[in-house]
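Working notes for the structure below.
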Amino acid sequence: MTDQTSNAMWGGRFAAGPDAIMEAINASISFDKRMARQDIEGSRAHAAMLAAQGILTDSDAAAIREGLLTVLSEIEGGTFQFSAALEDIHMNVESRLKEIIGAPAGRLHTGRSRNDQVATDFRLWVRDQIDAAIQGCEALQRALLGQAEAGADWVMPGFTHLQTAQPVTWGHHMMAYVEMLGRDVSRFRDARARMNECPLGAAALAGTSFPIDRQMTAEALGFDRPCANSLDAVADRDFALEFLSAATICAMHLSRFAEELVIWSSAQFRFVALSDRFSTGSSIMPQKKNPDAAELIRAKIGRIFGAQVALVTVMKGLPMTYSKDMQEDKEQTFDAADSLMLALAAMEGMVRDMTANRPALEAAAGSGFSTATDLADWLVRALNLPFREAHHVTGTLVALAEKKGCDLPDLTLAEMQGVHAEITEEVFGVLGVHNSVASRTSYGGTAPEQVRIQAARWRERLG
Ligand code: ARG
């Protein structure tokens, strides 16, 4: 037991203050001060509404609204003294407001509770992060689009199982990530639309007997409408979970691309050169240029997915409505949001700066019998073989080339005719990688003309 006096904000029935350990486990100010701006925005809207409804006098409301701006400028200016004894951002702000404006500060909390207050603040905070995530995704999409437009017809190997499969174009590969990020953006937008309801005015859990106007506060804070059920309003954290879930999928996409960049920038692949600005050196091996940014992006998903698992686990056993467990919703969500924004920005920088090694891409595109499918398709088209038989003939030719230690276009016509007598000179036209990609003109295929169509569509959308 400490000799502190009881809490000034709720200590009416308490004779003594909390133990230091109690304060340590209970206080959230060390992290929820990040929601100061949202807290003050919510309180200013609440005060204006209370005055409009005749619950507060205009002069009290004006003093509160002005005073809150002073508090905000102190916080933003770094002069605000945060106190763990005041637990959280809500009580820190209100207590300082009282020091600045005196008695009217005590009227601000009319018709609300910290339960609807924190739910509102956190929603506003998550909503800002959703907007930032959308911007980050779109900036990265633009960088990828730049790569795709420049290299719509550069050939590279396409892989399945990380084994050379068929030649594709650089632009097509870049556009695959543009599509993934497009789905990320749409997931963030969906989450935003669903979360955009205002909990303020649900009060502790049951609503309030004051004649408040929830429509007015909802509108002032940019929400589409007030939450319809006061119990749900204070108990819900779906909005954070949906953000984390969309963030997890987005981070998974970034992680996959990061993995490719790590592989591509290796001495064995040399598909891309990362810029010095987005690489690091080794303290012992002078020749090294390491793709650290890509590796860290690849790892960030761990924290983001971790936050999602942590929060869903916090929420899963909670009875209606608010429980203090829910204070654990913030720290990891903050960390996940920071990680996502940083990963998006780093990836954007890396993609903008990286240089594709066209000769290496093209050489790799032609190795590994990558045009075997083109050969089989030609046998079907030109010789009218059933595809199964064409597949078999091609397989025999691949085995022959492998035995000779050469690629398919290096076989002679005579060697080919030894496997199937009707093969003609014409076959060499389909064995080149450029012809191969140019022929893949089906919608969404890798042909440069298809890539340019898709890139133009996205360019128009993204600007
Ligand atoms: N710091 C608290 C949180 O983050 C604010 C809400 C406290 N509500 C309460 N009834 N103790 O959840």
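Here are the numbers:
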| item | result |
| --- | --- |
| Region 320-365 - convex hull of the alpha-carbon atoms, volume per residue in Å³ | 110 |
| Stretch gain in nm, segment ALA8-THR412, where the contour uses 0.36 nm per residue and the Cα spacing is subtracted | 136.2 nm |
| Rel. contact order, % - alpha carbon contacts under 8 angstrom, at least six apart, the chain | 16 |
| Semi-axis lengths (Å, descending) of the ellipsoid that matches the C-alpha gyration tensor of region 68-134 | 23, 16, 11 |
| Kirkwood Rh in Å, taken over region 233-364 so that all alpha-carbon pairs contribute | 16.7 |
| Sequence-distant residues sharing a close amide H with VAL272 (under 5 Å, placed H) | SER265, ASN357 |
| Under DSSP loop assignment and at most 12 Cβ neighbours within 10 Å, longest chymotrypsin sites (Phe, Trp or Tyr not before Pro)-free interval of the chain | 15-442 |
| In sequence order, calculated HN-Hα J values of region 228-237 (Karplus, 6.51, -1.76, 1.60; Hz; x Gly/Pro) | 7, 10, 5, 5, 4, 4, 8, 8, 7, 10 |
| DSSP-defined antiparallel bridges as percent of all bridges, the chain, nearest 5 | 80 |
| Cβ-Cβ FRET estimate between ARG37 and GLN163, R0 fixed at 56 Å, reported to 0.05 | 0.60 |
| Percent RCO, i.e. relative contact order, over region 144-229, from Cα pairs under 8 Å lying at least 6 residues apart | 21 |
| Cα point-scatterer Debye curve for the chain, base-10 log of I(q)/I(0) at q = 0.06, 0.07, 0.14 Å⁻¹ | -0.42, -0.54, -1.23 |
| Total lysine pairs under 29 Å (Cα atoms) in the chain, excluding pairs fewer than 8 apart on one chain | 14 |
| At 0.890 mPa s and 25 °C, Stokes D of region 195-305 from Kirkwood alpha-carbon radius, µm² per second | 137 |
| Under the Karplus curve 6.51 cos²θ - 1.76 cosθ + 1.60, θ = phi - 60°, whole-Hz ³J(HN,Hα) for region 67-83, x wherever Gly or Pro sits | x, 5, 5, 5, 4, 4, 5, 5, 5, 5, x, x, 9, 5, 9, 6, 10 |
| Descending semi-axes in whole angstrom, ellipsoid equivalent of region 78-212, from the Cα gyration tensor | 52, 17, 12 |
| Table column - 3J(HN,Hα) (Hz), region 48-58, Karplus curve with 6.51, -1.76, 1.60, x for Gly and Pro | 4, 5, 4, 5, 4, 8, x, 8, 10, 6, 4 |
| Per-selection metrics, region 334-397 (Cα): Rg and Dmax in Å | 21.7, 63 |
| Fraction in percent of alpha-carbon pairs per bin - 10 Å, region 1-130 | 12, 41, 35, 11, 1 |
| Footprinting exposure proxy for ARG13, ARG256 (fewest neighbouring C-beta atoms within 10 Å first) | ARG13, ARG256 |
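Readers should treat all values here as calculations from the given coordinates under stated rules, not as data from a laboratory. Predicted model only: the values in this text are computed from it and were never measured. With ideal geometry, Cβ positions are generated from the backbone for all residues, glycine too; neighbour counts draw on all protein chains shown.
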